[in-house]
1. Using only Cα atoms, tell me the angle between helix 243-252 and the longest principal axis of the chain; keep it within 0 to 90° and round to the nearest 10.
2. In whole Å and largest first, what semi-axes does the C-alpha gyration tensor of segment 225-284 yield when each eigenvalue is scaled by 5 and square-rooted?
3. Between Rg and the Kirkwood Rh of the chain, both from Cα atoms, what is the Rg to Rh ratio?
4. Counting only other residues whose beta carbon sits under 14 Å from that of ARG411, what net charge do I get with K and R as +1, D and E as -1?
5. Can you give the translational diffusion coefficient of segment 309-383 in µm²/s, computed by Stokes-Einstein from the Kirkwood radius over Cα pairs at 20 °C and 1.002 mPa s?
6. Quick check: net charge around GLY391, other residues with Cβ under 12 Å of its Cβ, Lys/Arg +1 and Asp/Glu -1?
7. Taking the 0 to 90 degree range and rounding to the nearest ten, how far is the long axis of helix 414-424 tilted relative to the main principal axis of the chain, both from C-alpha atoms?
8. In Å², what does the accessible area per residue of segment 11-164 work out to with a 1.4 Å probe?
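The values are calculated or read from the model by the stated rules, or taken from the named source; none is laboratory data. Source: prediction; values computed, not measured. Quick reminder, even Gly has a Cβ in these numbers, built from the backbone with ideal geometry, and neighbours come from all protein chains shown. Quick note on the areas: whole protein, heavy atoms, side chains included, nothing else; ligands and nucleic acids left out. Shrake-Rupley method; radii C 1.70, N 1.55, O 1.52, S 1.80 Å.
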Amino acid sequence: MTESGGQCRVLGDIHPVDPAAPPIKFEVNLPGNWNGRALQMGGGGYDGTLVTGLGNYALQPDGQPTPLQQGFVTLGSDGGHEGAGFDSSFGLNDEALANYGTQSIKKTHDVAVALVRKAFKRSPQRFYFIGFSQGGHEAINAAGLYPKDYDGVVAGTPSYNVTMMHAGIGGVYAKALYGNGGAGWLNPAKTNLLVSAVSAACDGLDGVKDGVIANTKGCLDTFDVTTLRCPGGADTGDTCLSDAQIGAANDIASTHNLGFPIAGNSLVPAAPIYYGATYSVFTLGTVKQPSVPASGKEAFQYAVYNAIVTNIVTRNPNYDTTKFNALDWSSRLQEVAKQLDSTNVDLSAFAKKGGKMLLTTGLADDGISPENTTAFYQRQVDAFGQRTLDGFMKYYTMPGFSHGFGAFNARYDALPTLMNWVEKGKAPSRLTMVDANKATAGRTRPLCEYPRWVKYTGGDASKASSFTCTATN
């Protein structure tokens, strides 16, 4: 326990039942100017790093006071294990896997409540959760699995279906890029060729050329990958795509049926390769064939595929992922999904108690496809009906935004927006996102509620007032 500037910071371990499992490391920060509220922050990837709660919440605009400075009790954990990146070795232990999947959220929450009661002699009046990626998944679990504990959550680009994403989507990329000896693999030069061609065809479809593709449906209708075809369809160099490479891109851009359900869903979502993904961070790799064990030079989606296949699905760290067939492992994948996937989560209790959720996705996200988030939202529409759903969930799309970066590096006031909805009954309206990129810092756009998109209507293209949210092309 340390004290600094009127804050008491409590760090500790939640010990496991299985002595072979790692503890859950947590931090709870108790402010001297407590406002009666608590904010839990989610992790990312496979977790493994302590979320301290000392900084900004996910996608909070720069220059604002942190939640802790604003008087929130803040808290986070490491998800129940330590590890960097997509280190999945924790998945060899049942309790560590369960903690990562769902239980570390609840256990950290309960520790925080006990500490708040000890420090302030009362419980938080409101308890919120904000996360992005895996943290967005954790936000959905907070609402769906522990509705009594949370009043409002923000789920940014949630990896709510980890098993399907890593085994299903990763499998699509693996087959497309590395099948047939890697004939379909796109090297960095060819990837840039494709990305540039999409941008040239689609950047202006929203009314202004600014490096941001907002009219993604129009882009899908406009862009034709065959314009990049090499003469005769053979691979003749980096200035064109072979038939095999066009086929690989088409496969990545398509929805696939896995052949069996994972947490109630068998459809592998399409990637935004034809409407804004850049593959600049989550690359298609630098090698034509994957190594065994993986070298780190493979495509990002193969790397996460390999991580779940080895230590979590087969539980064989030396397994040759190039030989993995999802159908052969369908029972085990379904078992893993019970721990890791929230595809079929029931939000009815959360809605009934008055809980609110903000859901967002980046339209240029090549790490977690926007189609994946939209599929989650559509399942909620089907479950509740649009009118009922609008009463507790809002879904926003962010053009030009990938997975925490992008041509438009979006930030918005999620916490005050959520608080106004939960505490004052003021539903979100006319939200604005601001670009955090250095070169374009401060430019703004409307944050449009799905299925509307941001269209330029005239004026200063750096101001949100020059755009409108439209549902038509």
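1. 20
2. For segment 225-284, the semi-axes come out at 28, 14, 9 Å.
3. We get a ratio of 0.97 for the chain.
4. On the way: positive: LYS438, ARG443, ARG445; negative: ASP62, ASP413, ASP435.
Once all neighbours under 14 Å are counted, the net charge is 0.
5. On the way: Rh = 15.3 Å.
For the chosen part, D equals 140 µm²/s.
6. Residues close to GLY391 contribute a combined charge of +3.
7. Its long axis makes an angle of about 50 degrees.
8. 33
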